[in-house]
Amino acid sequence: MKKRNETLLKWLNEGSETLDQEMMESLEGDYLAGDEKQETAVTKKDESSRFHMIIRSAYIRISTAFSVVLCIALIAILMYTVMDMPYFGNADTLVESEVSEFYIEHTLEHTGAVNVISGIILNFRGFDTLGEAHVLFIAVCSVMILLHIHPTEHGAHLMAYEYDDASEEPHDDDILLTGVRVLFPLIVMFGIYIILNGNLSPGGGFSGGAVIGAGLILYLSVYGYIRTRRFFTMRTFRILTTIALISYTCSKTFHFVTGANDIKAMIGIGTPGTIFSGGLLLPLNIFVGLVVACTMYALFTMFRKGDF
Amino acid sequence: MEELNILLLLFIIACAVSVSLTKNLLSAVIIFMAQSLAMSVVWILLESPDLAITEAAVGAGVTSLLMFAALKKIHRVRDEKHEKEK
């Protein structure tokens, strides 16, 4: 912030009128937070900018007060709503909800999933999960829009800076390197296990994908971008997520069309307890896992470097 | 079991309060991480291992990593290279 103040001072002293609006605004934001002494020193130069500053500080005060009031009101409303909810751990309140009882009793016979939660989120509420997968994809898209570096002159400067930042990455630390060499396969294997056993044991596509994504991030932050770029680039991300989302949509649509029209489904529920049971649960888990793992890795990469 | 539960819940509350009171952003992220980890143990005690795995992976792992990356972006983490230059 101090650096920014100095640049603004220099520019104002030179009488530069060409300061573009965007730069001006961001600098002013810093000013209001900064100490007042400097502020007055600069504003003496220009009366109109001083007036502008007063209006801006009033605006900031009013908006702060408004947001505080809004927050308190929201907390009060939420607290009021919580009072209407059933008591925690009370056995009687479960009776009111027929849905949960139905799920607990009939999930196994309808979906063939030993893990009830997996049966619910991928079968009964399959379209919810499809929406969630799309939300993750859209999140990556919006981060891409925000952080992508455009190849202009300014962008090239930024890119060089980012590259410099990223080149620090591979640390010559033996403990780190050896630790990751041992841990990385184990973490990824555990993630794959969680995904494949999603219909049998706790876990599923989302948790397994998150574990794999975290493992990839660990590998990236120790071995650097040059190693990871060999097997995971922007193109890999695009292809994997698109294929996973399209396949998920197709298999879910197939499920719903056959179910709604009384067509005998070709894929049965299998024997509960085996890995290929539960109809389409296994492929659905894999698709969700792919999307989540790619998303986690892509988000981290873009936060770190602005691009793949 | 009850005592452990109460202890963990108190720890979570203490973490949540201290996150907002900490001036140093890096320590705030680390406290947040610890809170997530305690929360995942609470999920196991509440018999929902599904959520516990997700909380440990997303809450304590990926979210904190993203916050570290953001801190690095706004230069709130002192790195070794700059330290040497000084």
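The values are calculated or read from the model by the stated rules, or taken from the named source; none is laboratory data. Because the structure is predicted, anything quoted here is derived from the model rather than measured. So basically every Cβ, Gly included, is an ideal-geometry build from the backbone, and we count neighbours across all protein chains shown.
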- Note on the structure: Residues of the stretch A:277-307 being outside any helix (DSSP H, G or I) and within 14 Å of chain B (Cβ to nearest Cβ), in sequence order, are A:Gly306, A:Asp307
- Give A:Ile226, A:Ile269 a once-over and let me know the one that is of a type in the set (A, V, I, L, M), farther than 24 Å from B:Gly59 by Cα and assigned to a loop (DSSP other than H, G, I, E, B). A:Ile269
- Which fully enclosed helices (runs of 4 or more DSSP H) of the stretch B:1-67 have 1 or more residues being in contact with a Lys or Arg (Cβ under 8 Å, 6 or more places away or on another chain) and either of a type in the set (S, T, N, Q) or surrounded by fewer than 20 Cβ atoms within 10 Å (Cβ to Cβ) (or both)? B:25-45
- Item | Selection count where residues are touching a residue at least 40 places away in the same chain (Cβ under 8 Å) and surrounded by fewer than 17 Cβ atoms within 10 Å (Cβ to Cβ), scope the stretch A:275-298 | 1
- Task: Sort out which residues of the stretch A:178-221 are assigned to a loop (DSSP other than H, G, I, E, B) and either under 20 Å from the mean Cα position of the chain (by Cα) or among the β-branched types (Val, Ile, Thr) (or both), and write them in order of number.
- Result: A:Gly203, A:Gly204
- So A:Ser247 fits all but one of (1) away from chain B (no Cβ under 14 Å); (2) surrounded by 19 or more Cβ atoms within 10 Å (Cβ to Cβ); (3) in contact with a Phe, Trp or Tyr (Cβ under 9 Å, 6 or more places away or on another chain); what number is the exception? (2)
- Task: Please tell me if A:Val257 is on the phi < 0 side of the Ramachandran plot, in contact with an Asp or Glu (Cβ under 9 Å, 6 or more places away or on another chain) and not aromatic (Phe, Trp, Tyr).
- Result: no
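Here's the yes/no breakdown for (1) over 27 Å from A:Gly215 (Cβ atoms); (2) at pLDDT 90 or above:
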site: B:Ile13; (1), (2): yes, yes
site: B:Trp43; (1), (2): no, yes
site: B:Val62; (1), (2): no, no
site: B:Ala70; (1), (2): no, no
- Item | Cβ-Cβ under 6 Å pairs, at least 6 apart or on other chains, the stretch A:127-140 side in contact (Cβ under 8 Å) with a residue 60 or more places away in the chain, far side hydroxyl-bearing (Ser, Thr, Tyr) | A:Leu130/A:Tyr248; A:Leu136/A:Thr295; A:Phe137/A:Thr241; A:Val140/A:Thr295
- Message: Could you tell me how many of the residues in the stretch A:76-128 are at pLDDT 80 or above, part of a helix (DSSP H, G or I) and β-branched (Val, Ile, Thr)?
- Response: 9
- Message: Please go through the stretch A:231-256 and give me each residue that is under 17 Å from A:Arg125 (Cβ atoms) and of a type in the set (Lys, Arg), ordered by number.
- Response: A:Lys252
